[in-house]
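Here's the structure we're looking at; comments come further down.
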Amino acid sequence: MHGNYGPNVLTNECDVLIAIGMRFDDRVTGRLDKYAKQAKVIHLDIDPSEIDKNVKTTVPVWGDCKETLPMLTELVEQKVYPQWLQKFREYQKEEEETCINPELNPTTEQLTMGEVIKLVNELTKGDAIIVTDVGQHQMVACRYAKFNSTKSNVTSGGLGTMGFALPAAIGAKYGAPDRTVVAVIGDGGFQMTLQELGTIMQFGAEVKILILNNQFLGMVRQWQQLFNDKRYSFVNIQSPNYVQLAKAYNIDGQSISERADLKSALKTMLDHKGSYLLEVMEYTITVYTENHIGLLNRIAIIFSRRKINIESLNTSPSEVPGIHRFNIVIQETEEVVRKLVRQVEKQVEVLKAYFNTNEEIVWQELALYKVPTDEVAEKVKVERLLREHGARAVVIRKDYTIFETSGHREETDKLVEVLEPYGLIEFVRSARVAIIKDSSGFHEKLKEFEALRPGTEIVENEFLNKQDEVFTM
């Protein structure tokens, strides 16, 4: 479940397992019925109640490991096992390629926790105190955060104390007032002790709050995925507007979800004088409508009158003849997005509306770049652009060349940086187009609805004779 790939796999192949001061909790073992059954276990612990509690011990050693461990090492003969060590190296290489590098240097549209922590390292130069809550973000932060000083990694370990980070970060700031303190918290853990924002407001504790919001109890969901055949139960979270909540306590903040905004947002948080809250998330709303004049304006008003900025809006024909499809991108909380979708669906022409996170959709944006032809006339330059950025030349004239590419926002922005030295004349990017990953398509749902026949059963409105008791808005 946690730790490095090689040691986790090879634990189930080793002859002898030496455990020093550990309790074999589920974060180490995963499924106990499959954990190191072949190994002889030597367990050193100062607490006798931990020995034989979860894993059967072959040789129990009760005492302070400062005394017992030297006694054990005196009995060990030094030997070299190159083939055994090579197995670890092979697993380490595989882990670097399949897990660590994609986490720290992702190529997908979804922001990763690893890249956030990597940027925190870069901007703080490893001098910050990192306080983690409990969950997937805790594992990622403890794994990838860099520390130049002792007493810099504050975590509750495997105790499972959700809500730990915010009050602990306040204490860390008072214990080390001259150091930057960053509380890394999941959306689930933050709601356990968010009342401590009042403590921050009252006493002026300068804590940087970084909420990694994936709309799940991520670690619980991961366990249900791995060990309970994906029988997910009560792991989805509806979150409040954390930025507005922070502002109610006179704490500045912002919510971001685009990779292009991440570094500047983190820098703003770290440079800000006083406490600051930064949340990372985004939603795409998909709307199926009849094609009527004026509908776009009415939908836009639903957002503008609530002072919600539309980051991107695209409309096009859908797979159903006569039905149009909107893709609307906003940065908000799930609760607000859910209410907005309900308001959109109240429009007579709207047939159905959905909202999804970036993880639940496949999306692209189209971009065009105009550059002077004489600057990119060399064939080598053109081929390099095509190869490295998936671009293609759509117009070539004596005075300018237009390149076209599609991808995610950070990919199209990167090509802007590449072309600027060549005298970028003009740049334009389309709105987002998106398809929901796990969907049979609206056409299928429409056909199912049309296939239904009216029933003969009469269902009476339960509020028909209770007009005075019904609350309306």
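Quick note: the coordinates plus some simple rules give every number you see, no bench work behind them. These figures come from a predicted structure and were not determined experimentally. Virtual Cβ from ideal backbone geometry, glycine too; neighbours counted across all protein chains shown.
Using Cα pairs under 8 angstrom and six or more residues apart, how large is the relative contact order of the stretch 5-93, in percent? Please report the intermediate quantities before stating the final value.
On the way: 106 pairs, mean separation 26.1, N = 89.
Rounded, it is 29 percent for the stretch 5-93.
Would you calculate the convex hull of the Cα atoms in the stretch 5-93 and tell me its volume per residue in Å³?
Convex hull of Cα atoms, per residue: 107 Å³.
All other residues with a Cβ under 13 Å from the Cβ of Asp47 taken together, and with Lys, Arg as +1 and Asp, Glu as -1, what is their net charge?
-2
How big is the shadow of the Cα convex hull of the stretch 188-243, averaged over all directions, in nm²?
4.5
Before anything else, pin down the relative contact order of the stretch 105-280: Cα pairs under 8 Å, at least 6 apart, normalised by residue count, whole percent.
Normalised by residue count, the contact order of the stretch 105-280 is 21 percent.
How high is the relative contact order of the chain, given as a whole-number percent (alpha carbon pairs under 8 Å, six or more residues apart)?
Reported as a whole number, the value is 9 percent.
Tell me, in nm to one decimal, what length is gained between Cys142 and Asp229 on full extension, where the rule is 0.36 nm per residue of separation less the Cα-Cα distance?
Separation in residues times 0.36 nm, less the Cα-Cα distance, equals 28.5 nm.
Using only DSSP helix segments of four residues or longer, with each worth -39500 (n - 2.57), what per-residue ellipticity at 222 nm results for the chain after dividing by its residue count and rounding to 500?
Computed mean residue ellipticity for the chain: -10000 deg cm²/dmol.
Of all the C-alpha pairs in the stretch 105-280, what % are more than 19 Å from each other?
Pairs farther apart than 19 Å: 54 percent.
Report, as a whole number in µm² per second, the diffusion coefficient that Stokes-Einstein gives for the stretch 78-154 at 10 °C and 1.306 mPa s using the Kirkwood radius over alpha carbon pairs. Display every interim value, and only then the final one.
Working: Rh = 14.3 Å.
Answer from the Stokes-Einstein relation: 111 µm²/s.
At a 10 Å Cβ-Cβ cut-off, how would you order Tyr283, Tyr288, fewest neighbours first?
Tyr288, Tyr283
With a sphere of radius 14 Å drawn around the Cβ of Ala183, what net charge do the other residues whose Cβ falls strictly inside it have (Lys, Arg +1; Asp, Glu -1)?
-2
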